[in-house]
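Participant: Here it is, the structure, as structure tokens.
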Amino acid sequence: MGAIIQWIIDLINQIGGPAVGIAILLENFIPPIPSEVVLPLAGVAANRGELGVVEAIVWATAGSLTGALALYALGALLGRDRTRTLLDKLPLVNLKDVTRAEQWFDRHGSKAVLIGRVIPGVRSVISIPAGVNRMPLVKFILLTVVGSSMWNSLFVIAGYQLGDNWPIVEQYAGVIQKVVIVVLAALVVWWIVQRVRSLRRKRAAGSTGPETDVPEKDRVAP
């Protein structure tokens, strides 16, 4: 991990914002590169004036989206079985994470793409079942950008605020993840409740609407 941190620091020093995007992009394919380390480092660099906070967030989100689209395309082109076979041959990919992502997608549908962006292990590979199921691309991009930008902003700003004390972020990363998950889950539940209420109101309005009089001669006898 120390070598990874030093590599990220050197990369940011050399090319600035694009280094953040590259590191987050690689996180999708190389699990040992965690965003919980990359993003606070970007925030620290912003604190030192080496790049802007917004610049760091934008580049991180661009990296997230690029990696997500690559995995989406992989799932869409190869299908579930061949994608799993390919990933199983990669030494740094845990097939259990792919299975978790599939279960998340089966359980939550398209909302899994949004919620999954803050779940360790699921965050990257959730794009694969989305591709396998041919989720509408525009919707996939929108949910990915929203979920990733929230996650990226949280850690970049935390790193910016803490400065050289950024390791504190890593220490409490699990707590932060749980808080974000709870908030997103609450929003999803709220949306479902509102949707169900709306459908019930429409059905109630339809069932109590004015009935059209039918001539007695045209009525069908029971």
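Participant: From the list 123, 100, which residue is more than 26 Å from residue 11 (Cβ to Cβ) and out of contact with any His (no Cβ under 7 Å at 6 or more places or on another chain)?
Facilitator: 100
Participant: Hey, can you tell me all the residues within region 145-171 that are surrounded by fewer than 21 Cβ atoms within 10 Å (Cβ to Cβ), more than 12 Å from residue 42 (Cα to Cα) and either in contact with a Gly (Cβ under 9 Å, 6 or more places away or on another chain) or modelled with pLDDT under 85 (or both)?
Facilitator: 165, 167, 168, 170, 171
Participant: Please go through region 66-112 and pick out each residue that is over 14 Å from residue 134 (Cβ atoms), in contact with a Leu (Cβ under 8 Å, 6 or more places away or on another chain) and of a type in the set (A, V, I, L, M).
Facilitator: Those that are over 14 Å from residue 134 (Cβ atoms), in contact with a Leu (Cβ under 8 Å, 6 or more places away or on another chain) and of a type in the set (A, V, I, L, M): 86, 87, 93, 95, 98.
Participant: Report yes if some residue within region 136-143 is modelled with pLDDT of 75 or more, touching a Lys or Arg at 6+ places or on another chain (Cβ under 9 Å) and either of a type in the set (Ser, Thr, Tyr) or under 30 Å from residue 70 (Cα atoms) (or both); otherwise report no.
Facilitator: Narrowing region 136-143 to residues modelled with pLDDT of 75 or more: 136-143.
Subset that is touching a Lys or Arg at 6+ places or on another chain (Cβ under 9 Å): 143.
Narrowing further to those that are either of a type in the set (Ser, Thr, Tyr) or under 30 Å from residue 70 (Cα atoms) (or both): 143.
So far as region 136-143 goes, yes, one or more of its residues are modelled with pLDDT of 75 or more, touching a Lys or Arg at 6+ places or on another chain (Cβ under 9 Å) and either of a type in the set (Ser, Thr, Tyr) or under 30 Å from residue 70 (Cα atoms) (or both).
Participant: Considering only residues that are β-branched (Val, Ile, Thr) and either surrounded by 15 or more Cβ atoms within 10 Å (Cβ to Cβ) or within 19 Å of residue 123 (Cα to Cα) (or both), which ones fall in region 48-68? Before you say what the answer is, go through the steps one by one.
Facilitator: Step one: of region 48-68, the residues β-branched (Val, Ile, Thr) are 53-54, 57-58, 61, 66.
Those that are β-branched (Val, Ile, Thr) and either surrounded by 15 or more Cβ atoms within 10 Å (Cβ to Cβ) or within 19 Å of residue 123 (Cα to Cα) (or both): 53, 57, 58, 61, 66.
Participant: I'd like to check something: does region 94-116 contain any residue that is under 15 Å from the mean Cα position of the chain (by Cα) and on the phi > 0 side of the Ramachandran plot?
Facilitator: yes
Participant: Can you name every residue in region 6-44 that is of a type in the set (D, E, K, R) and touching a helix residue (DSSP H, G or I) at 6+ places or on another chain (Cβ under 6 Å)? First the steps, then the outcome.
Facilitator: The initial filter retains those residues of region 6-44 that are of a type in the set (D, E, K, R), namely 10, 27, 36.
The answer is 27, 36.
Participant: May I pose another question? Let me confirm something: among 123, 203, which residue is exposed (fewer than 11 other Cβ atoms within 10 Å of the Cβ), modelled with pLDDT of 65 or more and among the charged types (D, E, K, R)? Show your work before the answer.
Facilitator: Values: 123 fails: exposed (fewer than 11 other Cβ atoms within 10 Å of the Cβ).
Criteria check complete, one pass: 203.
The values are calculated or read from the model by the stated rules, or taken from the named source; none is laboratory data. Computed from a predicted structure; not experimentally measured. Glycine also receives a Cβ, built like all others from the backbone with ideal geometry; neighbour counts cover every protein chain displayed.
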